[in-house]
Structures are given as structure tokens and as C-alpha cells.
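Undergrad: To start, I am sharing the structure in question, which I have written as C-alpha cells.
The values are calculated or read from the model by the stated rules, or taken from the named source; none is laboratory data. Computed from a prediction, not measured in an experiment: that's the story for all the values here. Note: ideal-geometry Cβ built from the backbone for every residue, glycine included; neighbour counts use all protein chains shown. Note: accessible area is taken over every heavy atom of the protein model, side chains too, but ligands, DNA and RNA are not part of it. Shrake-Rupley method; radii C 1.70, N 1.55, O 1.52, S 1.80 Å.
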Amino acid sequence: ATISLNVSGTIPLKTKQTFTPKVTMGKGDKVVSWKSSNKKVVSVSRNGKVKGLKAGKTATITVQLASGLKKSFKVKVQKAAVVTKSIKVTNAATGRKQGKKATLKRGQSLKLKAALTPITSLQKVKWSTSNKKIVTVSKSGVIKAKKKGRATITVKSGNKKYNIRITVK
């Protein structure tokens, strides 16, 4: 049996903000309970929806599976909105980290995904291109090579950004 979560350590959460962690487990296993070490600070519903209640405090959330395996993480509740600390850009098809450079042929497209740290960041991801004639980018991170040349794709969230230099051949 296995268990893993898409969160670990201490996660910041704004008062009244909610998020649902993703649980990965072995086949045939299932979640039997979600518990908060302090229900006045952080509540958690049966389906794993976590909600920050009392700022300045921390509570531990524990998920238990039918197999007996458990996994925990801490939630620190804060008054301020959660800001982006870092952006990780990956190739949606391969799941690999996207480097600072990429080469595409004319007409080719590349779908990228941006993951924010912390996962609870309230700052939106914005995609932009330095030259729409060479490369376009959609709101969801799909890059299309239009004509030969170079352009920079910028992925921004709050005051954090990640640039990818695209060369179109």
C-alpha cells in the first residue's frame, strides 16, 4: 500500500480560503478520514476540503486510508493573501521541467504548465510573448510558432516570473 499528497511541510492559507489536497494511493485503497489537530484554526471536510479559520495559528491535517496508512501536513493560517514564492514551468506532454530555451519549427506548438509554490497562492498565472508575429501564447500556456525568429515567453505570478527564449526555425 502507498500514500502520497501533492502538499508537504507547512502550507500557508488565508483566513476563509479553501483548498483540497490531492491524495494518491494504491489500487483498491480509499480515504477513510480527514482530521484537523485544531478545528478552530483549520477545518477539514469529509472530502478533504481544508479551510483556514483563525489567523496566526497552525494546525496539522491528517488523512488516513483504509489500509491504515496516514499522511500529514501543517496549515498556517494568515490574514494576508498567499503570494507566489516560485513558479515551476513544465512541458505538459512529458511532465519534465521546461528549460530557459526551446526551439520550435514553424506551425509547431508546445503546451506548458505552470505550478506555483505555495500551492495555495492566490496570485494568478499570466502568460505573455515579446513578439506575437513570431510566437503566440494562450492564457492556458499553449505556445504556437508562427514564423522564423526569436521571442521570449514570460510566465508571471505576482512579482515572480520565468522567461523562456523560443527560437522558431
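Undergrad: I'm trying to understand the selection: among the residues of the range 1-17, which are open to solvent by less than 60 Å² (accessible area, probe 1.4 Å) and either modelled with pLDDT under 95 or of a type in the set (Ser, Thr, Tyr) (or both)?
TA: If the condition is that a residue be open to solvent by less than 60 Å² (accessible area, probe 1.4 Å) and either modelled with pLDDT under 95 or of a type in the set (Ser, Thr, Tyr) (or both), then Ser4, Thr15 are the ones that fit.
Okay, residues lined up against (1) in contact (Cβ under 8 Å) with a residue 24 or more places away in the chain; (2) closer than 22 Å to Gln17 by Cα:
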{"residue": "Ser86", "(1), (2)": "yes, yes"}
{"residue": "Gly95", "(1), (2)": "no, no"}
{"residue": "Gly99", "(1), (2)": "yes, no"}
{"residue": "Ala114", "(1), (2)": "yes, yes"}
{"residue": "Leu122", "(1), (2)": "yes, yes"}
{"residue": "Ala145", "(1), (2)": "yes, no"}
{"residue": "Asn163", "(1), (2)": "yes, no"}
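Undergrad: Filter the range 25-81 down to residues that are among the hydroxyl-bearing types (Ser, Thr, Tyr) and assigned to a loop (DSSP other than H, G, I, E, B) and give me whichever is least open to solvent (accessible area, probe 1.4 Å).
TA: Once the filter is applied, the top-ranked residue is Ser45.
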